[in-house]
1. Does segment 66-73 contain at least one residue that is among the aromatic types (Phe, Trp, Tyr) and surrounded by fewer than 14 Cβ atoms within 10 Å (Cβ to Cβ)?
2. Which one of Lys89, Lys25, Lys58 is charged (D, E, K, R), at pLDDT 95 or above and closer than 21 Å to Pro144 by Cα?
3. Just one of the numbered conditions (1) of a type outside the set (Asp, Glu); (2) exposed (fewer than 12 other Cβ atoms within 10 Å of the Cβ); (3) without any contact (Cβ under 8 Å) to a residue 40 or more places away in the chain is not true of Pro37; which one?
4. Would you say Lys145 is free of Cβ contacts under 8 Å to residues at least 40 places away in the same chain, out of contact with any strand residue (DSSP E or B) (no Cβ under 8 Å at 6 or more places or on another chain) and either loosely packed, with under 12 Cβ neighbours inside 10 Å or among the β-branched types (Val, Ile, Thr) (or both)?
5. Pick from segment 144-182 the residues that are hydrophobic (A, V, I, L, M, F, W, C) and assigned to a loop (DSSP other than H, G, I, E, B): which of them is modelled with the highest pLDDT?
6. Quick check on segment 62-104: of everything there that is in a helix (DSSP H, G or I) and among the aliphatic types (A, V, I, L, M), which residue is nearest to Lys139 (Cα to Cα)?
Amino acid sequence: MKFQELILQRQSVRRYQDKAVEPEKLEQCLEAARLTPSASNSQPWTFLVVNETETLKKLAPLTSGPLKSFNQFVAQAPIIVLMILEKPKLLTELGGRLKKKEYPLIDIGLASGQFCLQATELGLGTCMLGWFDEAALKKLLHIPKDKTIGLLITLGYEPEDYRLRKKIRKKLEEVVKYNRYE
């Protein structure tokens, strides 16, 4: 698949088949994320894979909204990957403080993008989740209190009838400027 096709194919999948993801496909997605460039090569991430049925059942409700109004599909995903922020190298941390930038957040954003694009190429669906009960997830998964969960990614096979949605994005000329902001 050409890269442009891959970009057009990737979408947030919110329904999954009751079908296991092959370990080698999961590993390819994790490897794509692991190889992501990061500020000062800090690699400020740990990828926590949850694929045990009982743990997934306990995890899924921790991603729904306050009125259980969204993320109900998470219970269908056979795998959920947590992107946990790790302490960056000292140089990256100092540079981030001086520049007022959260480089580790940028880095896991890049890693999650590579993970999701690799999954798409392999015929898998993903959805990145930013809404979750972090304290409860830490307790459930024995994540140290001083760690931060950056985001979660669901992973699995979308149903056969899941259709590719048209991407609704701002026009290129609305988001690109040359030489000046004005």
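1. Of the residues in segment 66-73, the ones among the aromatic types (Phe, Trp, Tyr) are 70, 73.
Checking the rest, the ones that are also surrounded by fewer than 14 Cβ atoms within 10 Å (Cβ to Cβ) come to none.
No, because not a single residue in segment 66-73 is among the aromatic types (Phe, Trp, Tyr) and surrounded by fewer than 14 Cβ atoms within 10 Å (Cβ to Cβ).
2. Numbers: Lys89 fails: at pLDDT 95 or above; Lys25 fails: closer than 21 Å to Pro144 by Cα.
None of the others qualify; the one that does is Lys58.
3. (3)
4. Working: free of Cβ contacts under 8 Å to residues at least 40 places away in the same chain: yes; out of contact with any strand residue (DSSP E or B) (no Cβ under 8 Å at 6 or more places or on another chain): yes; either loosely packed, with under 12 Cβ neighbours inside 10 Å or among the β-branched types (Val, Ile, Thr) (or both): yes.
When the stated conditions are applied, Lys145 passes them.
5. Within segment 144-182, the first condition is being hydrophobic (A, V, I, L, M, F, W, C), and the residues that meet it are 149, 151-153, 155, 164, 168, 172, 175-176.
Now narrow it down to the ones that are assigned to a loop (DSSP other than H, G, I, E, B): 164, 168, 176.
On the way: Leu164: 91, Ile168: 93, Val176: 97.
Top of the filtered list is Val176.
6. Initial filter on segment 62-104 (in a helix (DSSP H, G or I)): 62-63, 72-76, 90-99, 103-104.
Narrowing the set further to residues that are among the aliphatic types (A, V, I, L, M) leaves 62, 74-75, 90-91, 94, 98.
Details: Leu62: 11, Val74: 19, Ala75: 19, Leu90: 28, Leu91: 31, Leu94: 30, Leu98: 33 Å.
For segment 62-104, the residue satisfying everything is Leu62.
The values are calculated or read from the model by the stated rules, or taken from the named source; none is laboratory data. Worth saying up front: this structure is predicted, and the values here are computed from it rather than measured. Please note: Cβ atoms are built from the backbone with ideal geometry, for glycine as well, and neighbour counts cover all protein chains shown.
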